[in-house]
Amino acid sequence: MDDLLKLYRQRKRDRQQSRTKRRVATENSPKKLKDLLGIYFQADPQAMQRIEESRALLAWPEYVGNAAARVSQALRVRGKTLIVQVRDPIWMQQLSLLKYEMLKRYMKDFPRLKITDIFFTRS
């Protein structure tokens, strides 16, 4: 019984040490730029809005795929609308059919922007 108790205490001590090492490693690791920007600009809501808009525009190719990204580009967020420029009318129609699926992803990933519509325009 004493052996089991001794092993239990040793295991418990090892767990505490590993948690401490992990915490120290996490605290000393380099911070992500998006986290640092959030901390730096947290007092300026307009700057945070611009950063979020830029992230949303850069996410466009990830949402539509490589083929659609070659013929389309997210230009800007105006109000609650994402404006996308499309070079090909066939692709414009295809993207229009996928509009609501993309809106759901944008609302989930960028709730601060409150995007409710995607407007497609020809170049």
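The values are calculated or read from the model by the stated rules, or taken from the named source; none is laboratory data. This is a predicted model, so every value here is computed, not measured. Note: ideal-geometry Cβ built from the backbone for every residue, glycine included; neighbour counts use all protein chains shown.
Within segment 56-66, is there a residue that is of a type in the set (Ser, Thr, Tyr), surrounded by 14 or more Cβ atoms within 10 Å (Cβ to Cβ), within 26 Å of Phe120 (Cα to Cα) and at pLDDT 95 or above?
No; the residues of segment 56-66 include none that is of a type in the set (Ser, Thr, Tyr), surrounded by 14 or more Cβ atoms within 10 Å (Cβ to Cβ), within 26 Å of Phe120 (Cα to Cα) and at pLDDT 95 or above.
Residues that are touching a residue at least 24 places away in the same chain (Cβ under 8 Å) and within 25 Å of Ile51 (Cβ to Cβ) within segment 107-123 comprise Asp109, Phe110, Arg112, Leu113, Lys114, Ile115, Thr116, Asp117, Ile118, Phe119, Phe120, Thr121, listed in sequence order. When we screen Lys80, Lys99, Lys104 for residues that are within 29 Å of Met48 (Cβ to Cβ), surrounded by 12 or more Cβ atoms within 10 Å (Cβ to Cβ) and of a type in the set (Lys, Arg), the only hit is Lys99. Restricting the search to helices (runs of 4 or more DSSP H) fully inside segment 19-70 and requiring at least 1 residues that are within 13 Å of the chain's Cα centre (by Cα) and under 30 Å from Trp91 (Cα atoms) gives 45-58, 60-64.
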